[in-house]
Structures are given as C-alpha cells and as structure tokens.
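Single-structure report; data block below.
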Amino acid sequence: MQQMRTFKRTIRKMAWFLIPALIVLLVYILLAFKNGYRIPDIDKESSWKAFPEGSNQSISIKPVDSFYVCNLQAIPGTADYMVFYNTDSAGFYNSSNNSINNRFGIINQLGALKTSFAPDKTIYYDDTRIILLDMGSGGERKDSCSIYYLPTATLSQHPVQTIELPESLDHFLQKAPSDTTGFIQKHQSTFFRNLRGLQWFEEHPIYLGNQDRNRGYYLFTDTIGNIYRLSDSSSHYDLGLLAPQTVHYNLPASAFVSGVKGAGITIAHPPSLIDNDIRCGYTVGLGNPNGNGGGFYFFVNHTWLHYYKLRVGKAVTCFKEKGPEKDEAYIRLFQLNTPLNTHDPLVLVAANRIWHLTNQSAFR
C-alpha cells in the first residue's frame, strides 16, 4: 500500500514537470510551423554533386585561368560583353582593396578578351560607344575621354565639353519668385531638349534584392555625339528642369547574377527543401533578426536543393546546388554563348568565373 502511495506521488511530481514541458514543446512546434517550418523533402538525386563536379565524366568543366568576373553586361547588338574583372584571386576576394585593381575589358561569347584597359577607368556607354573616363589621382576632372566605337572596334580621344547654364534658377527667381515654369520657357532650347545622359557601367553587379538602383547622370551627349558634363555639379537640379530626361535613371538587375539563364541550362527537377534552421531567442534593446529593438524573435531559414541539367552538344551533365530560397540557389548560371555544333563548348559564368564545358567524347 505504501509503495502504491509513493508511486502515485512520484507520478504527480512528474506531471508537474511533464505537462509544462509538453505545453512548451507544443508552442514551439506551433511557432515553428507558423513561421515557415516544413517537413524536409527527399533528395531526388543523392549521387549528384555541386557545380563544377558534373555527373557526366566525359564532359570537361574548366574555368578560364586568372579571370574573376566582378561585373558583366551584354553589349546590345553584338555577341560581346562589357566586363570588370580581376586577374588575381587574392585581390578579387579581398574586400579591402576597394576594386582598385579591377580592369575593364570587352570579352566575346567564349569569354576571351578582345580588348582591355588600365584600372581606374569609369565606364559610360550608349548604343554605339563605350566612353572611358580617367578620373585620375584624387578624382580630379579630366578634359578628355577615350571613346571605343563598337561598330569599328577603334579607340580615339575626344574632348569633354562643359555645359554652361544660361542662368541659375535662383537668379531667375529673384526677378520672378515662384515662377519655375517661366525659367523653363525662357531657357529650354533645342540643345537641352535633345540632351541625354550616358549610363554608367558599375564595377559590381546589381542584385535583384538591391533597392538602391537610382543613379544620377554625370556625363551627357547631344545628337551629334559630343560628350559633356556640367561645369558646376551643384547645377544638376537646374539642368533637370531644362532637360528632365537627364535627371536620373534606374539600373536593371545584372542578368548574370539574377538566376539561371540560357538555352543549354534546364531545371532537372523542382527544388527540394532539405533543412529548416530555427532561430529563436530574446534580446534586450540591441535589436533582433525580426526587426528593430529588443524582444522575442522566432524565424525559420530554409535550405533548398536545386537540380540542374546542362546540355553540351548531344551530351548532358547534371549537378545540384544549395540555396536559401525555392527560386534562388547560391550559385547562378549565365550562358555566354550559343553553341552551333557538337564540338563547340558551352560557356558559362558561375561563381564569378567563366567556365568551358566541353564534350570530349565528341572528339573521339
């Protein structure tokens, strides 16, 4: 009898601990599912490896030596690309070098350099030209620029002229307060109506999630191709009244880091969710991952597996890559070329390198 009473007391004591623990566990599970926890999927291709280790041993996958892509953009109307690159891996991956050793060049669809220029060039472009402005030491302004003409692949020096506004808005408003329209009507000549800005090719790619895409124009051109800049940088607002098309522009996301792109690249399977990383805790006044300020936080980070198939001539190689989102892998694949026969390589940009995929069996 005594043993029975002891047993019951033990059960009651255990219940005081088990019931709260079960409640906490249940709340934890509910919060996990509410914040995105999902039961992991099965890896659809357990034998596949990550790029560049393809599944087909007959396909050679090799990077272009000593070439690290900082930014890349197709040149309209050509099969070529503008590129900022570095030839040294240590310099490329060193975040403290501030891009000072990056070079600008033009590559063809096989990733081979057609022309290259010294570092410290600021690059602008339009439909037929690439303008290279040498900012010089200390960022001083230069009176000339180099222009690379795309149709002829020739380089020449041209002056950079200055735009002198006929009158400042402040001076005009002293005579006619609040009459901005009158300032435009008085000074908006054909020159200002036809003036347009030259876009800037940046040294770093613009990712899809980057909200800071608004840029102001620094160089301008007229209908006959002369290059201009303002004599006074504080006059940008006034110029915008006379030439509103030169106020600013929004940069598009860089294609080569925006996802998978190319006719030779296909999705082999829908992605699989393989891991849920649950983060929770409490912070006091130091901020938390869910927002500003202190407090309780609880969120779930996912890891997905993405499955890719690459076609090289008549052969296929496959691999898989992890990613933080269902539609986003850590590695992005961008196809540079359009192979015309089975002996042509498939040329890709991936992980800031240019890769040649060659079907060696096609040569046997």
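The values are calculated or read from the model by the stated rules, or taken from the named source; none is laboratory data. Small disclaimer: the values here were computed from a predicted structure and weren't measured. Every residue, glycine among them, receives a Cβ derived from its backbone with ideal geometry; neighbour counts consider all protein chains shown. The accessibility values were calculated without ligands, DNA or RNA, using every heavy atom of the protein model including side chains. Shrake-Rupley method; radii C 1.70, N 1.55, O 1.52, S 1.80 Å.
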Among ALA243, ALA253, ALA90, the residue with the largest mean-square fluctuation in a Gaussian network model of the chain built from Cα contacts under 10 Å is ALA90
Could you work out the per residue convex hull volume over the alpha carbons of segment 96-229, in cubic angstrom? 183 Å³
Accessible area (Å², per residue) of segment 300-364, counting only protein heavy atoms and a probe of 1.4 Å: 45 Å²
Ratio for the chain, C-alpha Rg to 2.2 N^0.38 Å, reads 1.43
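With a 1.4 Å probe and all protein chains in place, put HIS236, HIS204 in order of accessible area, largest first.
Details: HIS236 70, HIS204 100 Å².
Result of the area sort, largest leading: HIS204, HIS236.
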For TYR217, TYR37, TYR308, what's the largest-to-smallest order of accessible area, 1.4 Å probe? TYR37, TYR217, TYR308
Divide by every residue of the chain the summed helix terms, -39500 (n - 2.57) for each DSSP H run of at least 4, and state the resulting mean residue ellipticity at 222 nm, rounded to the nearest 500 deg cm²/dmol. -5500 deg cm²/dmol
Accessible area of the chain with a 1.4 Å probe: how many percent of it is carbon plus sulfur? 54 percent
Normalised contact order of segment 190-287, rounded percent, pairs of Cα under 8 Å and 6 or more residues apart: 31 percent
How much net charge surrounds SER258 when only the other residues with a Cβ under 12 Å from the Cβ of SER258 are counted, with Lys and Arg +1 and Asp and Glu -1? 0
Per GNM of the chain with C-alpha springs under 10 angstrom, the most fluctuating residue out of LEU26, LEU336, LEU18 is LEU18
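Are any of the pairs LYS49/LYS114; LYS49/LYS326; LYS121/LYS322; LYS121/LYS261; LYS49/LYS314; LYS44/LYS261 more than 25 Å apart by Cα-Cα distance, and if so, which?
Working: LYS49/LYS114 34 Å; LYS49/LYS326 19 Å; LYS121/LYS322 36 Å; LYS121/LYS261 29 Å; LYS49/LYS314 21 Å; LYS44/LYS261 22 Å.
Beyond 25 Å between Cα atoms: LYS49/LYS114; LYS121/LYS322; LYS121/LYS261.
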Whole-percent tail of the Cα-Cα distance distribution for segment 217-364, cut at 24 Å, equals 61 percent
For segment 180-251, what is the accessible area per residue in Å², given a 1.4 Å probe and the full set of protein chains? 53 Å²
The percentage of Cα-Cα pairs in segment 153-240 separated by more than 15 Å is 68 percent
Could you work out the relative contact order of the chain, using alpha carbon pairs under 8 angstrom and six or more residues apart, expressed as a whole percent? 18 percent
